[in-house]
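**Student:** I have a structure I would like to understand better, so I am pasting it below and will then ask my questions one at a time.
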Amino acid sequence: MTAERITLGLFLAGLVLCIATGAQLLYALLLGMACFGAYSLYKGNSFPATCRMLGEGMAKITQILLIFVFIGCLTASWRICGTIPFILYHSVRFIQPQYFILCTFLLCSVMSFLTGTSFGTFSTIGVICMLVGQTAGVSPLLLGGAILSGGFFGDRCSPMSSSAQLVCSITKTDIYSNVRHMMRSALVPFVLSCILYTFLAGGTGARPDTSSVALFREHFTFHWIVCLPAILILVLALLRVNVLWAMSASVLSAVFIALVLQGTSLPELLSALYQGYQAPEGTRLGAILNGGGISSMVHPGIIVLISASYSGIFSHTPLLEPVKTALKHQARRLGAFGTVTLAALLSCGVSCNQSLGTILTCQLCEDLYGDRDDLALALEDSAIVLAGLIPWGIAGAVPLATLGAPMASMAAAFYLWLIPVWRLMTAFTSHPVPGE
């Protein structure tokens with residue numbers, strides 16, 4: 001018991017130190033790998049065996065790393081071929097001022113579902129909606145909450161989402177089956193969020209300034225064909241085509257459109273696919289459209305890879321047994337999902353990032369569900385969304401800082417906390433703990 005407490009204590013101390021000093025969380029994760037590896041050696045496992053454990057954990061998410069590459073290519077190619085500018089330009093123009101908050105939530109939800117990335121949504125349509133909303137005198141608190149909620153809609157349930165793919169990998173479930181279950185469980189929270197955003201901000205009547213999106217007309221050729229990459233993603237997802245094939249088709253179509261319609265040179269295109277889209281110098285376009293590319297996914301990929309390596313150690317050593325035992329006792333009072341929610345809050349709170357928080361929650365609570373599909377849905381309805389409500393975590397704090405929204409916007413991210421609240425209300429006795 002002492003060895004487990006010392007190991008976990010050192011890891012937590014590293015996380016706290018990184019948060020306090022503003023250092024990259026990556027250093028704390030590397031410290032965790034060293035601590036957990038040392039614990040494995042202390043328990044009598046050889047160095048090669050410990051390395052195999054770490055490798056076993058990493059092997060579970062190899063497909064996710066490939067998906068990260070495609071997400072980087074997709075977000076860059078959609079920018080440079082005009083897909084994202086086209087969608088943003090026509091979407092923002094039809095926003096009704098009195099329903100601006102609701103429209104912002106819906107637009108961010110659509111964009112995040114299409115691209116599968118919350119951060120990509122925050123940095124494109126999120127930034128635009130914040131700029132437009134400020135000109136209309138819309139509450140930045142409510143606006144930040146709506147953008148945060150919409151960004152996590154697709155991050156949670158898009159087939160292209162890396163977090164959704166992570167849950168599939170660690171629970172060994174099917175992405176399209178999970179998406180179907182997630183859509184069902186999110187229906188009531190989504191409707192309630194729409195109602196709240198409508199009534200709380202229904203008095204906004206000022207005409208917003210949409211000049212920021214007018215820039216797109218100056219730099220891109222608009223034709224309906226630029227929507228093809230997005231249409232392909234939707235159609236192929238409905239046909240349950242493998243996500244990698246669907247993303248490949250979308251990226252290839254975007255590349256073709258960029259070369260033929262937008263007149264992009266091949267070197268410029270290849271540079272964008274790797275380094276991200278870069279607007280011409282001297283224009284205001286870069287502030288709202290720059291980004292994407294494979295390089296933007298390197299840091300998240302390393303974080304997920306290191307976090308996943310822990311699972312091998314956790315599976316083959318008793319490191320988490322004391323915590324799992326305590327949670328199993330709590331399950332008798334809180335129910336399966338209540339216990340998962342508690343574990344998710346603790347895991348996301350101490351890990352400060354969505355990936356490790358999800359992996360830890362799965363490791364701690366996998367025995368509470370006999371069905372892997374139920375476990376996957378519980379993770380999506382807890383760790384994935386709750387990570388965005390941790391004030392010191394990456395998932396929520398960084399987007400709000402990027403948008404210039406107050407931290408209190410987390411309280412207005414209704415969709416994020418309505419999902420676990422709704423599940424707690426409806427699933428308290430739905431899934432008894434196996435063997436009890």
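**Student:** Regarding residue 9, is this residue assigned to a helix (DSSP H, G or I), farther than 26 Å from residue 165 by Cα and more than 24 Å from the chain's Cα centre (by Cα)?
**Tutor:** So residue 9 fits the description; yes.
**Student:** Then there is this: Can you report the number of residues in the stretch 6-31 which are in contact (Cβ under 8 Å) with a residue 12 or more places away in the chain and among the β-branched types (Val, Ile, Thr)?
**Tutor:** Number satisfying all stated conditions: 2.
**Student:** Oh, and also: Considering every residue within the stretch 377-389, establish whether at least one is open to solvent by 10 Å² or more (accessible area, probe 1.4 Å) and assigned to a loop (DSSP other than H, G, I, E, B).
**Tutor:** Pass one, the stretch 377-389, residues open to solvent by 10 Å² or more (accessible area, probe 1.4 Å): 377, 386, 389.
From what's left, assigned to a loop (DSSP other than H, G, I, E, B): none.
Checked against the condition, which is being open to solvent by 10 Å² or more (accessible area, probe 1.4 Å) and assigned to a loop (DSSP other than H, G, I, E, B), the stretch 377-389 yields no hits at all.
**Student:** So, one more: State yes or no: is residue 292 in contact with a strand residue (DSSP E or B) (Cβ under 8 Å, 6 or more places away or on another chain) and open to solvent by less than 50 Å² (accessible area, probe 1.4 Å)? Please lay out each step first, then the result.
**Tutor:** Working: in contact with a strand residue (DSSP E or B) (Cβ under 8 Å, 6 or more places away or on another chain): yes; open to solvent by less than 50 Å² (accessible area, probe 1.4 Å): yes.
The answer is yes for residue 292.
**Student:** Considering only residues that are open to solvent by 50 Å² or more (accessible area, probe 1.4 Å) and either of a type outside the set (D, E, K, R) or in contact with a Gly (Cβ under 9 Å, 6 or more places away or on another chain) (or both), which ones fall in the stretch 254-270?
**Tutor:** Within the stretch 254-270, 256, 259, 260, 261, 263, 265, 266, 267, 270 meet the criteria.
**Student:** Okay, moving on. Go through 298, 251 for me and flag whichever is of a type in the set (A, V, I, L, M), assigned to a helix (DSSP H, G or I), under 29 Å from residue 167 (Cα atoms) and open to solvent by 30 Å² or more (accessible area, probe 1.4 Å).
**Tutor:** On the way: 251 fails: open to solvent by 30 Å² or more (accessible area, probe 1.4 Å).
Criteria check complete, one pass: 298.
**Student:** Further question on the same structure: Among the helices (runs of 4 or more DSSP H) confined wholly to the stretch 40-134, which include 3 or more residues that are over 22 Å from residue 221 (Cα atoms) and either among the β-branched types (Val, Ile, Thr) or touching a His at 6+ places or on another chain (Cβ under 6 Å) (or both)? Steps first, answer last, please.
**Tutor:** On the way: elements: 47-59, 62-81, 83-93, 100-115, 118-121.
So the answer is 62-81, 100-115.
**Student:** Among the residues of the stretch 298-321, is any without any contact (Cβ under 8 Å) to a residue 12 or more places away in the chain and over 17 Å from the mean Cα position of the chain (by Cα)? Step through it out loud before you land on a result.
**Tutor:** Residues of the stretch 298-321 without any contact (Cβ under 8 Å) to a residue 12 or more places away in the chain: 298.
Keeping just the survivors that are over 17 Å from the mean Cα position of the chain (by Cα) gives none.
No, that holds for no residue.
**Student:** Pairs only if they're at least six apart or on different chains, beta carbon under 8 angstrom, first in the stretch 88-116 and touching a residue at least 40 places away in the same chain (Cβ under 8 Å) and farther than 16 Å from residue 150 by Cα, second open to solvent by less than 10 Å² (accessible area, probe 1.4 Å) and assigned to a helix (DSSP H, G or I); list them, first residue then second.
**Tutor:** As it stands, the answer is 89/213; 89/216; 93/213, since those pairs meet every condition given.
**Student:** Residue 288 versus (1) free of Cβ contacts under 8 Å to residues at least 40 places away in the same chain; (2) in a helix (DSSP H, G or I): which is the lone unmet condition?
**Tutor:** All conditions are met except number (1).
Residues checked against (1) crowded, with 17+ Cβ neighbours inside 10 Å; (2) among the basic types (Lys, Arg); (3) closer than 30 Å to residue 16 by Cβ; (4) under 24 Å from the mean Cα position of the chain (by Cα):
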site: 43; (1), (2), (3), (4): no, yes, yes, no
site: 60; (1), (2), (3), (4): yes, yes, yes, yes
site: 72; (1), (2), (3), (4): yes, no, no, yes
site: 78; (1), (2), (3), (4): yes, no, no, yes
site: 83; (1), (2), (3), (4): yes, no, no, yes
site: 89; (1), (2), (3), (4): yes, no, no, no
site: 105; (1), (2), (3), (4): yes, no, no, yes
site: 109; (1), (2), (3), (4): yes, no, no, yes
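**Student:** Is it the case, given these coordinates, that residue 190 is in a helix (DSSP H, G or I) and at pLDDT below 90?
**Tutor:** Numbers: in a helix (DSSP H, G or I): yes; at pLDDT below 90: no.
Considered against the rule, which asks whether it is in a helix (DSSP H, G or I) and at pLDDT below 90, residue 190 comes out as no.
**Student:** Also, I was wondering about something else. Among the numbered criteria (1) open to solvent by 50 Å² or more (accessible area, probe 1.4 Å); (2) touching a residue at least 24 places away in the same chain (Cβ under 8 Å); (3) farther than 20 Å from residue 145 by Cβ; (4) part of a helix (DSSP H, G or I), which one does residue 342 miss?
**Tutor:** Result: residue 342 passes all but (2).
Okay, residues lined up against (1) under 17 Å from residue 114 (Cα atoms); (2) at pLDDT 90 or above; (3) not β-branched (Val, Ile, Thr):
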residue	(1), (2), (3)
160	yes, no, yes
177	no, yes, yes
196	no, yes, yes
212	no, no, yes
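**Student:** Quick one: which residue in 75, 50 is of a type in the set (S, T, N, Q), under 30 Å from residue 229 (Cβ atoms) and modelled with pLDDT of 80 or more?
**Tutor:** 75
**Student:** Would you be able to say whether some residue in the stretch 350-366 is open to solvent by less than 10 Å² (accessible area, probe 1.4 Å), farther than 15 Å from residue 157 by Cβ, of a type in the set (A, V, I, L, M, F, W, C) and assigned to a loop (DSSP other than H, G, I, E, B)?
**Tutor:** yes
The values are calculated or read from the model by the stated rules, or taken from the named source; none is laboratory data. Small disclaimer: the values here were computed from a predicted structure and weren't measured. FYI the Cβ positions are ideal-geometry reconstructions off the backbone, even for glycines, and counts take in every protein chain you see. Side chains are part of the model used for accessible areas, which takes the heavy atoms of the whole protein and leaves out ligands, DNA and RNA. Shrake-Rupley method; radii C 1.70, N 1.55, O 1.52, S 1.80 Å.
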